[in-house]
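Take a look at the structure below.
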Amino acid sequence: MADFNESVVLDAIRRHADGLSRVELARATGLSPQTVSNITRRLMDQGVAREAGKLNTGSGKPRTLLQIVPTSRYALGVHLDPAVITTVLVDLLGTVVAQQSRRTPSGGDTDRIAAGMAASVSALVAESGAGADRVLGLGIAAPGPIDAAAGWVVDPPELPGWGRYPLRDRLSEATGFPALLDKDVTAAVVAERWAGAASDSRNLVFFYLGTGSGMGLVVEDTVLRGASGNAGEVGGLGAGFSVRTLVDEAIALGVLGTEYTVLDPADAQGGLERLAELAGAGDRRAAGLIDRLAVRIGRGVCATATLLDADRVVFGGPVWQLLGSRLLATIEPMVASSPFVRPAHRTTVASTTLGENVAAIGAASLVLDSALSAQPRTLLLG
């Protein structure tokens, strides 16, 4: 899979659900027909690709279509969120075949939490029947900041007691799988490009709204990670996007009772559900809180989309799943009427199709992207 041309061909096949013929592959990749023929034969020998029917072009003999075999390989993903830890197993197309979630333990016993994550990973593989030999690796999505090169989480604000922790290497050692670590918002945007509705977008902003928030960024088909892997932090806007801040504000205004006070990140779920319920029932104060949050998000997204010249903005995350329909009603017209975004091109706005576990799916997609996508850096010498 490390061969660049092989990855180019495989990537072209997976992007066409109906399949591509060898002639079409040669045209799409710029490779010679002989090279394409050799590569597709290897892919079929590995069980990664298969012949799937004929394409009648109207002249000459029908062409044989090639498709990915989704269940030939798998990838694991685990999302460490301050509220919940989610583990998924996905096939080559990014489709979830098994998953489990559990509340994130409090107390900051990092070794115990990491051991629990590793046990969940191993159990998921065993219960799925996928076979460890067909798993390409383990992706880990964590809240920032991180040290991507070293594989460390670095004192995440909503995970007290973690400090600097070598999560990537600990999980790799405990599970036996090669592992990758990335920020949760970066993982989410990789998921959206691999398995979501934005697979054809080369310039994309993904706004993630969970316990925390941030943006995953793609420019000219390249995911932006920054010098340390921490691109996409919303900086000074972060407090305004905090789940804890939103619930605290609702309590201070009397919209929610003190029983909804957030002592632990997982506690916010009940308050958010109640806030969404009140807004849906016509409570003006609850609706106002959500609408003001939408305006803050909309301003940040418009500025980012303008800066990056993005043609698509996608939203997702656990909190987005709860409040998204109301938030989008405010944000979409803000983007459409932005004086900076509008003149040059249309910028589409949508919610993710991957559900609340988009970051966990993204963690697994990190593995798929690394193993199966064409990586230009592999052509560099030295």
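The values are calculated or read from the model by the stated rules, or taken from the named source; none is laboratory data. If you're wondering where the values come from, they're calculated on a predicted model, not measured in any experiment. Cβ: placed from backbone, ideal geometry, glycine included. Neighbour counts: every protein chain shown.
Restricting attention to the range 35-55, does a residue exist that is in contact with a His (Cβ under 9 Å, 6 or more places away or on another chain) and assigned to a helix (DSSP H, G or I)? No, there is no match, as no residue in the range 35-55 is in contact with a His (Cβ under 9 Å, 6 or more places away or on another chain) and assigned to a helix (DSSP H, G or I). The residues of the range 283-317 that are assigned to a helix (DSSP H, G or I), under 24 Å from the mean Cα position of the chain (by Cα) and farther than 11 Å from Leu327 by Cβ, listed by number, are Arg299, Gly300, Cys302, Ala303, Thr304, Ala305, Thr306, Leu307, Leu308. Does the range 310-323 include one or more residues that are surrounded by fewer than 15 Cβ atoms within 10 Å (Cβ to Cβ) and of a type outside the set (Lys, Arg)? No, the range 310-323 has no match at all. Scan the range 9-24 and give yes if some residue there is modelled with pLDDT under 95, part of a strand (DSSP E or B) and either under 30 Å from Pro318 (Cα atoms) or touching an Asp or Glu at 6+ places or on another chain (Cβ under 6 Å) (or both), otherwise no. No, there is no match, as no residue in the range 9-24 is modelled with pLDDT under 95, part of a strand (DSSP E or B) and either under 30 Å from Pro318 (Cα atoms) or touching an Asp or Glu at 6+ places or on another chain (Cβ under 6 Å) (or both). Considering only the range 182-233, state which residues are under 19 Å from His79 (Cβ atoms) and β-branched (Val, Ile, Thr). Within the range 182-233, Val185, Thr186, Val189, Val190, Thr211, Val223 qualify.
Yes/no per residue for (1) outside the structural domain of Gly298 (by TED's automatic domain parsing); (2) among the hydrophobic types (A, V, I, L, M, F, W, C); (3) farther than 18 Å from Gly139 by Cα:
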{"site": "Trp162", "(1), (2), (3)": "yes, yes, yes"}
{"site": "Ser172", "(1), (2), (3)": "yes, no, no"}
{"site": "Leu180", "(1), (2), (3)": "yes, yes, no"}
{"site": "Asn203", "(1), (2), (3)": "no, no, yes"}
{"site": "Thr222", "(1), (2), (3)": "no, no, yes"}
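Among the numbered conditions (1) in a strand (DSSP E or B); (2) surrounded by 21 or more Cβ atoms within 10 Å (Cβ to Cβ); (3) of a type in the set (Val, Ile, Thr), the only one that Val121 does not meet is (1).
Would the range 363-374 turn up any residue that is assigned to a loop (DSSP other than H, G, I, E, B) and either assigned by TED's automatic domain parsing to the domain that holds Leu10 or modelled with pLDDT under 90 (or both)? Yes, the range 363-374 contains at least one residue that is assigned to a loop (DSSP other than H, G, I, E, B) and either assigned by TED's automatic domain parsing to the domain that holds Leu10 or modelled with pLDDT under 90 (or both). Of the residues Glu233, Glu249, the single one that is out of contact with any Phe, Trp or Tyr (no Cβ under 8 Å at 6 or more places or on another chain), outside any loop (DSSP other than H, G, I, E, B), in contact (Cβ under 8 Å) with a residue 24 or more places away in the chain and not small (Gly, Ala, Ser) is Glu249.
The number of residues in the range 56-82 that are buried (at least 20 other Cβ atoms within 10 Å of the Cβ) and either among the hydrophobic types (A, V, I, L, M, F, W, C) or part of a strand (DSSP E or B) (or both) comes to 9. Filtering the range 124-179 down to residues that are out of contact with any strand residue (DSSP E or B) (no Cβ under 8 Å at 6 or more places or on another chain) and in a helix (DSSP H, G or I), which residue is surrounded by the most Cβ atoms within 10 Å (Cβ to Cβ)? Ranking the candidates gives Arg170 first.
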